[in-house]
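The structure appears right after this line, and notes come after that.
The values are calculated or read from the model by the stated rules, or taken from the named source; none is laboratory data. In this text, all values refer to a predicted model and were calculated from it rather than measured experimentally. No Cβ is skipped: glycine too gets one built from the backbone with ideal geometry, and neighbour counts run over all protein chains shown. Areas reflect the complete protein model, heavy atoms only, side chains present, ligands, DNA and RNA absent. Shrake-Rupley method; radii C 1.70, N 1.55, O 1.52, S 1.80 Å.
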Amino acid sequence: MDLTALTRPELSDRLAALRDEHARLKGRGLRLDLTRGKPSAEQLALSEPLFGLLEPGDHTAQDGTDCRNYGGLHGLPELRAAFSAPLQVPVEQLVAFGNSSLELMYECVVDAVLFGVPGSPAPWPREGRTAMLCPVPGYDRHFGLCEKLGIEMIPVPMTESGPDLDEVERLVADERVKGIWCVPKYSNPTAVTYSPETVRRLAAMETAAPDFRVFWDNAYAVHGVQGADEPLADILALSAQHGHPDRVFVFGSTSKITAAGSGVAFFGSSSANVSWLLGHLSKRTIGPDKLNQLRHARFLPDAPAVAAHMERHAAVLGPKFELVDTVLEKRLGGSGVASWTRPRGGYFVSLDVVDGCAARVVALAGDAGIALTPAGATFPYGADPRDRNIRLAPSFPTVEELRDAVEGLTLCVELAAVERLSADADGTR
């Protein structure tokens with residue numbers, strides 16, 4: 001039913017029916033959560049063997065390193081070798097560290113502000129005089145990091161091939177712009193994979209400052225869920241070919257591969273950038289948890305083992321994404337009041353509702369016991385100028401819980417839209 005074509009009396013009748021339906025939904029006492037892209041218990045169980053791999057006395061890496069002891073800041077070579085191809089970083093230019101790639105991103109930004117990066121004439125300016133480009137809709141934790149450190153955020157629209165590069169190339173001519181956040185494969189939340197031309201242009205830009213950095217958060221490098229994997233151009237190699245070898249910081253982790261809270265994070269870049277980061281890390285730690293790295297290296301000894309493990313994840317996640325699309329299409333298809341992505345990988349569905357209605361949808365869902373990511377979270381400062389985007393995270397709930405949550409959500413989307421259409425028809429807005 002195209003809700004935008006209803007007459008004023010039809011809207012009034014539909015609004016009354018939807019409010020009754022919402023009251024019944026509230027009466028069910030649901031407690032459902034679609035807020036964050038956490039692996040489900042079923043996914044976490046896939047890595048259960050990881051924790052029993054090291055027997056007493058088994059603590060030696062392939063190069064003879066005693067993993068119980070200090071040192072090894074670069075990370076175990078065998079683990080770096082296993083993730084070199086998935087992250088498109090040569091082994092010697094890849095660092096394996098603690099459990100959080102976000103921690104490494106924070107470290108890099110803080111170190112850039114305090115000390116500068118290779119190629120910097122000085123530390124990045126402080127107190128709001130540094131800016132980073134933020135493709136939108138995008139990842140709220142990137143935005144929160146910038147806000148915490150007082151770095152100005154400049155939104156850049158996402159397209160079907162990645163961030164709008166015409167706009168990026170225009171903005172980087174401002175020397176205050178020191179970086180751009182990128183989730184290049186199965187982007188959060190739109191699931192876009194950057195096109196080869198987008199990657200090439202990011203690598204080749206001549207107008208950017210010498211200390212400009214592409215923060216390449218390749219969090220979903222191996223996280224396909226719908227058929228064939230989507231290829232991603234090698235930005236590190238392209239940047240070197242175009243004379244900007246230090247431009248890219250690559251980040252990745254096993255957070256959604258093994259145990260989300262007990263995994264391994266990676267940093268990859270040029271040799272100069274790797275030396276820069278390790279020099280700073282060496283002042284605050286004597287080395288990472290190498291026993292955890294050794295477990296991971298035994299569990300995922302090479303890239304084919306990583307790919308096989310991720311096929312098992314896809315078998316769990318794929319049906320959930322299909323369920324979300326089926327339920328949304330059943331109630332909102334052809335309604336004229338919603339559109340959504342159909343991801344082939346990653347962890348999210350990006351839902352756009354009627355302009356000015358996202359916050360209302362989130363509130364209506366919350367009243368019915370369905371927790372959604374706050375409206376505006378996918379934009380810097382939590383401010384979606386059109387108040388229309390909502391990020392859905394289908395991974396954590398069971399299939400039954402997910403069905404209830406998405407069916408309830410569709411009711412809230414329709415109710416918020418009809419409220420808005422009725423107000424427009426009555427001239428009360």
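Quick notes
- Any hit, region 159-171, residues being within 20 Å of residue 307 (Cβ to Cβ) and either touching a residue at least 12 places away in the same chain (Cβ under 8 Å) or touching a Cys at 6+ places or on another chain (Cβ under 9 Å) (or both): no
- For region 382-396, a tally of residues being touching a helix residue (DSSP H, G or I) at 6+ places or on another chain (Cβ under 7 Å) and exposed (fewer than 14 other Cβ atoms within 10 Å of the Cβ) returns 0.
- Number of positions in region 137-158 that are charged (D, E, K, R), in contact (Cβ under 8 Å) with a residue 60 or more places away in the chain and farther than 18 Å from residue 341 by Cβ: 1
- Residue satisfying condition, being closer than 16 Å to residue 249 by Cβ and open to solvent by 10 Å² or more (accessible area, probe 1.4 Å), within set 136, 113: 113
- Taking the conditions (1) outside any strand (DSSP E or B); (2) modelled with pLDDT of 95 or more; (3) open to solvent by less than 20 Å² (accessible area, probe 1.4 Å); (4) of a type in the set (A, V, I, L, M, F, W, C) in turn, residue 219 satisfies each one other than (3).
- Some residue of region 366-375 being in a strand (DSSP E or B) and buried (at least 22 other Cβ atoms within 10 Å of the Cβ): yes
- Count of residues meeting criterion [of a type in the set (A, V, I, L, M), part of a helix (DSSP H, G or I) and open to solvent by 10 Å² or more (accessible area, probe 1.4 Å)] in region 235-273: 5
- Qualifying residue in region 290-313 (condition: of a type outside the set (Ser, Thr, Tyr), over 22 Å from residue 77 (Cβ atoms), open to solvent by less than 30 Å² (accessible area, probe 1.4 Å) and under 25 Å from the mean Cα position of the chain (by Cα)): yes
- Residue ID - surrounded by the most Cβ atoms within 10 Å (Cβ to Cβ), chosen from residues in region 15-46 that are modelled with pLDDT of 95 or more and of a type in the set (Gly, Ala, Ser): 40
- You will find that of 231, 210, the residue that is touching a residue at least 40 places away in the same chain (Cβ under 8 Å), open to solvent by 60 Å² or more (accessible area, probe 1.4 Å) and not acidic (Asp, Glu) is 210 and no other.
- Residue in region 334-343 that is assigned to a loop (DSSP other than H, G, I, E, B), open to solvent by 30 Å² or more (accessible area, probe 1.4 Å), under 30 Å from residue 229 (Cβ atoms) and not charged (D, E, K, R) present: yes
- Considering 413, 399, the condition of being open to solvent by 40 Å² or more (accessible area, probe 1.4 Å), modelled with pLDDT of 95 or more and aliphatic (A, V, I, L, M) is satisfied by 399 alone.
- So residue 65, is it of a type in the set (Val, Ile, Thr), open to solvent by less than 70 Å² (accessible area, probe 1.4 Å) and touching a strand residue (DSSP E or B) at 6+ places or on another chain (Cβ under 7 Å): no
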